[in-house]
Amino acid sequence: MFLEQGKISNLQLSVLITGFVLGSSVIISPGQGAGHDAWIAVALGLMEGLLIAWIFTALARQFKYKTIIEINSLVYGKILGKCISVLFIWYLFHLGALVLDNYARFFKLEIYPNTPKTVLFLLLMLVCASTVGRGIEVLARCSVILVPFTILLIPVDTLLLIPHIDLNDLMPILDVPSEKLLWASQGAASFPFAETVAFLMVLAFVDKPEKGPAAVSRGLLIAGFFLIMAVARNAAVLGPMAVITNYPSYLMAQVIDIGDILTRFEVVVGITLITMGFIKISVLFYGTVLGLAQVFNLRSYQPIILPVGILMVILALTSAGNTFEMFEFANKGYPIYAVPFQIGIPLITLVVAKLRKLPQTGGDQV
Amino acid sequence: MIALLIMGFGIVALIQIPALVKKQWWRELICFTVLWSAGFILSIMISTGITLPSISMIINKTIVGIFGL
């Protein structure tokens, strides 16, 4: 029995990846450690992200129609394979809780200050649980409807902010020490580009797997382009404020004022932010429940959706005491913590599979 | 708050358990029960004011300590 019957097209995969990458990175600006050179850090991070994507798509292409959980069992054997799979599932679960925390914290601070955070967590989680229960096809279709709005909003925002843009705020280029720039670019690679490793749970359901790597790269490049645009714009509009503010994209939207008519634009930004968060959390949530179902040989992942969702909310509730701690983890611990999951597991699995000459029957069926 | 939690978790269990028993999906039932119980116990702990350790902060402190960041 297959746990997932749905299939998604390569276009849907690209859009889903674009939405996933834009996800929380549109609220927490990546590469902030590089100051006004943050856009260069994001560009470097995109290159590293493409390299990591090449590794995990190579693995997915070698084992067509298989998720990383099934691949691990084939490559490492049942027991070791399942242990490594549990580690990978933990990463998806933890990342889902971190993204959930980012969003609830953002909404609590900026939009709904009087609403308890638990209520925000539960509402967001219920929507995600409902989508995950309907499978990957529904999630992919949602992304095709929602992601274009965000993609459209970034250039529209930028155009509306032209009167406030001061290109001098981006000068001098490459002013930050190279060590700082490299650390910021590693941060930008690990969050958000290399997080697309979560798609090792999704690539198995692409209808034309041989075109999967191109679809992943396309999604990353589109998201990277708009993210660089957003980060450069934030620095050019907010100047030094872009580095010290928690949510530059949102703050920047508050600046928009066209003849006292077009104001309070941040609400529109807020709506698009929550849709991207929904996509990212749903993909991670989907990967977690599908992974658990495969590890424990369940016939369906439906029964565990709600309990896993509740546990994700609990992890999000306890993930950071305050916003400072959240950013501390995002900027210091996370770029290193993520490496074994984003690079280690896919790369080692690919190398071991090559050495063991797996899969033995040409890749379509093992 | 605790009554609300018991009600919420009770509804989830009432929806899931009879359906799983009817289908005789025992493995799924065990998985559900373990995860549901963990969620229930941790939720009760949080609602009674017990502070759970932050896993992210433990990871962060460990990495910062090892790499001297």
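The values are calculated or read from the model by the stated rules, or taken from the named source; none is laboratory data. Small disclaimer: the values here were computed from a predicted structure and weren't measured. Glycine gets a Cβ as well: all are built from the backbone with ideal geometry, and neighbour counts include every protein chain shown. The area values use the complete protein model at the heavy-atom level, side chains included, leaving out ligands, DNA and RNA. Shrake-Rupley method; radii C 1.70, N 1.55, O 1.52, S 1.80 Å.
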Fill in: Selected residue (only one of A:T158, A:T115 is open to solvent by less than 50 Å² (accessible area, probe 1.4 Å), outside any loop (DSSP other than H, G, I, E, B) and either at pLDDT 90 or above or closer than 20 Å to A:L273 by Cβ (or both))
A:T158
Worksheet item: Quick one: is B:L4 in contact with a helix residue (DSSP H, G or I) (Cβ under 9 Å, 6 or more places away or on another chain), without any contact (Cβ under 8 Å) to a residue 24 or more places away in the chain and at the interface with chain A (Cβ under 10 Å from one of its Cβ atoms)?
Response: no
Worksheet item: Hey, does the range A:323-346 have a residue that's open to solvent by 10 Å² or more (accessible area, probe 1.4 Å) and among the polar types (S, T, N, Q)?
Response: yes
Practice prompt. Could you pull out the residue among A:R105, A:R134 that is at pLDDT 90 or above, more than 25 Å from A:A236 (Cα to Cα) and of a type outside the set (A, V, I, L, M, F, W, C)?
Written response: A:R134
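Between A:L358, A:L273, A:L315, which is in a loop (DSSP other than H, G, I, E, B), open to solvent by less than 40 Å² (accessible area, probe 1.4 Å) and among the hydrophobic types (A, V, I, L, M, F, W, C)?
Unique residue meeting the criteria: A:L358.
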Worksheet item: What's the number of the condition A:S300 fails, among (1) polar (S, T, N, Q); (2) open to solvent by 40 Å² or more (accessible area, probe 1.4 Å); (3) within 12 Å of another protein chain (Cβ to nearest Cβ); (4) not in a helix (DSSP H, G or I)?
Response: (2)
Worksheet item: In the range B:39-69, which residues are more than 7 Å from every other protein chain (Cβ to nearest Cβ), more than 21 Å from A:I310 (Cβ to Cβ) and part of a helix (DSSP H, G or I)?
Response: B:I58, B:K61, B:T62, B:G65, B:I66
Discussion item. Given the options B:I66, B:I15, B:I44, B:I58, name the one that is among the β-branched types (V, I, T) and surrounded by 13 or more Cβ atoms within 10 Å (Cβ to Cβ).
Written reply: B:I44
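Working carefully through the options B:W36, B:W25, find the one that is within 8 Å of chain A (Cβ to nearest Cβ), farther than 22 Å from A:S319 by Cα and open to solvent by less than 70 Å² (accessible area, probe 1.4 Å).
B:W25
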Worksheet item: Residue check, B:F9 against (1) facing chain A (nearest Cβ under 7 Å); (2) open to solvent by less than 60 Å² (accessible area, probe 1.4 Å), all met but one. Which one?
Response: (1)
Worksheet entry | Answer residue from the range A:30-50, given it is touching a Phe, Trp or Tyr at 6+ places or on another chain (Cβ under 8 Å) and of a type outside the set (A, V, I, L, M) and is surrounded by the fewest Cβ atoms within 10 Å (Cβ to Cβ) among those | A:E48
Item to complete: Would you point out the residue of the range A:200-222, among those that are over 19 Å from A:Q342 (Cα atoms) and of a type in the set (V, I, T), that is most open to solvent (accessible area, probe 1.4 Å)?
Response: A:I222
